[in-house]
Amino acid sequence: MRRSDALIANSEASFRHARRGSVVLVIFPLLLGAVLFYFGLSERGWFNALTAMGAILVVFAVVVAWRQLRLRRQLK
């Protein structure tokens, strides 16, 4: 019985730690994408490599956030 309680506590701690990492996985590409998109728009018009990379990073962050929310709902 003690062993199963320890396993449950360990998995709960691992889930909390992984959730913190998932926040960074969403925020970093979102901010970087927004900065690249902004500089791409302000420097050379509306479409160039910077705006494309920024848009890709923003879309990536949105997809990761959506998947994390879906996973969190499944685990509740």
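The values are calculated or read from the model by the stated rules, or taken from the named source; none is laboratory data. Computed from a predicted structure; not experimentally measured. Every residue, glycine as well, gets a Cβ built from its backbone with ideal geometry; the counts of neighbours run over all protein chains shown. Heads up: the accessible areas ignore ligands, DNA and RNA and are worked out on the full protein's heavy atoms, side chains in. Shrake-Rupley method; radii C 1.70, N 1.55, O 1.52, S 1.80 Å.
Using a probe of 1.4 angstrom and keeping all protein chains present, the accessible surface of region 23-76 works out to 79 square angstrom per residue.
Would you mind getting me the FRET efficiency between LEU25 and SER4? Use the beta-carbon distance for r and R0 = 25 Å, nearest 0.05. According to the calculation, E is roughly 0.20. Fully extending the segment from ARG70 to ALA52, taken as 0.36 nm per residue of separation minus the present Cα-Cα distance, adds 3.8 nm.
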